1. Which loop-located trypsin sites (Lys or Arg not before Pro) does segment 113-215 contain, where loop means any DSSP state but H, G, I, E or B and the Cβ has at most 12 other Cβ atoms within 10 Å?
2. Just to confirm the filter: which GluC sites (Glu not before Pro) across segment 247-345 are DSSP coil and have at most 15 other Cβ within 10 angstrom of their Cβ?
3. Beyond a 23 Å Cα-Cα separation, which of these cross-linked pairs lie in this structure: LYS211/LYS298; LYS220/LYS286; LYS136/LYS331; LYS176/LYS276; LYS82/LYS298?
4. Multiply the residue gap between GLN285 and GLU103 by 0.36 nm, knock off their C-alpha separation, and tell me the result in nm, one decimal place.
5. What ranking, highest mean first, results for peptides 264-273, 178-187, 123-132, 251-260 when packing means the other Cβ atoms within 10 Å averaged over each residue?
Amino acid sequence: MLEIEVVADNGDGSDDCWDAGLCKGAPHAERGVRPTSSRRCSRAGSRRTVKGVVVELRWWWSAETVAVVTGGNRGIGFEISKQLAAQGVTVILTSRDHSVGLEAAKVFQEGGFNVFCHQLDVLDTVSITEFCDWLKQNYGGLDILINNAAVNFNQGFDNTVEYASQVITTNYYGTKNMIQAMIPLMKPSAAGARIVNVSSRLGRINGKRSKIEDVCLREKFSNLDTITEELIDQTVSSFLQQVQDGTWESGGWPKTFTDYSVSKLAVNTYTRLMAKMLSDRPEGQKIYINCYCPGWVKTAMTGYAGNISVEAGADTAVWLALLPDLAVTGKFFAERLQLLHYGLHIRYSPNDSENSNVIDIFRTAICRE
Ligand SMILES: NC(=O)c1ccc[n+]([C@@H]2O[C@H](COP(=O)([O-])OP(=O)(O)OC[C@H]3O[C@@H](n4cnc5c(N)ncnc54)[C@H](OP(=O)(O)O)[C@@H]3O)[C@@H](O)[C@H]2O)c1
C-alpha cells in the first residue's frame, strides 16, 4: 500500500495536514478530530508542494455536506460512516433499531466526528417518511446516500431460499424505497449529489458464478434500452413466485446464494436504469448513482468468515461518494475499479492527468492498493 505523508507547504511557514484517513500522519485523524469546514472549502482546488512534488487538492465537500448511510449501526455501513466522517463530512448514521444506532453514533461523537443517528427501517414507509421530514427540517436535505442495508441468509455452500422474500424485499425494494424517497431531498451542487449502492459481484449479469440461464432475459438486462423498472420488478416477482411454487430450481437462477444474487442483480440493474433516468438533470442538479462490491468482508453477514477487512470493504463506497469531478454514473465498481464485461476494468488513475508533474492527491490516495 502506498501511503503518502502530506504535510502541505502553505507558503506561510505553517504546516497543514490534509485528508484525514487517507494520509499517513494526519493529526486530526489520529486525534479523531475532523478538520474545519472553512479550511476545506477555502482551499478546495488549490495546489501544494509536497516533498518537492506539486499536489493538487480537489475536494468539493465540507462539514455542511450531508451523507446518509443506511444500516450504519454495524459492519460495512458503520465503517463507511466512520471513513466519511473522517473526511469531514456530516454523517447521518441510520439504524432500524434506534438504540443501537445511538450507541454507534456515540462512539463517533466521542471521537469528535460529526455523526448523528436517526431511526430508519428501509422497508417501513412510516419510518422513511419520518426520516425524510427530520432530514429536511434539520439539514435541508442530503448530498450523499449510501444504500448499504441488506440481509443474506446463505452461508458457505448452503443455499437456502427460505427467506427469499425478505432478501428481495430488503435488498432490492429497500434500496429502491430509499432512492425514491431521497432524490427529492438531494441538494443541488456543482459537484453533483451521489448515490452509492452497496451491491455484490454475485449480482452481475455476466458474473461467472451467478449467471442467469435465460439468454433472452440476460440480453434484456444487458441492454439499457430494454431495461425498465417493470422488467426488474417482474423478474424478482417471477423468482419469488417460483420459490413459492417450489419450481425455482429449474428456473435457471444462480445456483448459489440464489436469492441474494437475484436481489443484487436487481440492485445493479436498477442502478443503471436510475442513472439513465437521472442523466438529463441540468448542471448544478446532477445526481450520480453507482454501485460496488465490497468483496467478501469479515462482518456478521459472512459469519466473520470473509477475507477482507471492513476498512477495505468500505473503501470504494467512500471513494465513489467523494470522487472529485465524478462524471461516471450507472457503473459497477470493485476495489476502486470500474468493472466491465469479460473481466476488463477501468482504473481512474493519476495518469489521467495532462500534466505528469501534477499528482492529484485524491486519485493518488485512491490508487494506493
Ligand atoms: N459482507 C460481505 O462479504 C458483503 C459482500 C458483498 C456485499 N455486501 C453488502 O454490504 C452491505 C453491508 O453488509 P454487511 O456485511 O455489513 O452486513 P451486516 O453486518 O449484516 O449489516 C447489515 C446492515 O443492514 C441493516 N439492515 C438489514 N435490514 C434492514 C432494514 N430493513 N432497514 C434498515 N437496515 C437494515 C442491518 O441492521 P440490523 O443490525 O438491525 O440487522 C445492518 O446494519 C450489504 O448491502 C451487503 O449485501 C457484503
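The numbers here are math on the coordinates, done by the rules we state, and not lab data. The model shown is predicted, which means the values in this text are computed figures rather than measured ones. In this analysis, Cβ positions are derived from the backbone assuming ideal geometry, glycine residues included, and neighbour counts consider all displayed protein chains.
1. For trypsin sites (Lys or Arg not before Pro) across segment 113-215 that sit outside H, G, I, E and B with at most 12 neighbouring Cβ atoms in 10 Å, the list reads LYS208, ARG209.
2. Taking segment 247-345 and a limit of 15 other Cβ atoms within 10 Å, the loop GluC sites (Glu not before Pro) found are GLU283.
3. Flagged as over cut-off: LYS211/LYS298; LYS220/LYS286; LYS136/LYS331.
4. Here the answer is 62.1 nm.
5. 264-273, 251-260, 178-187, 123-132
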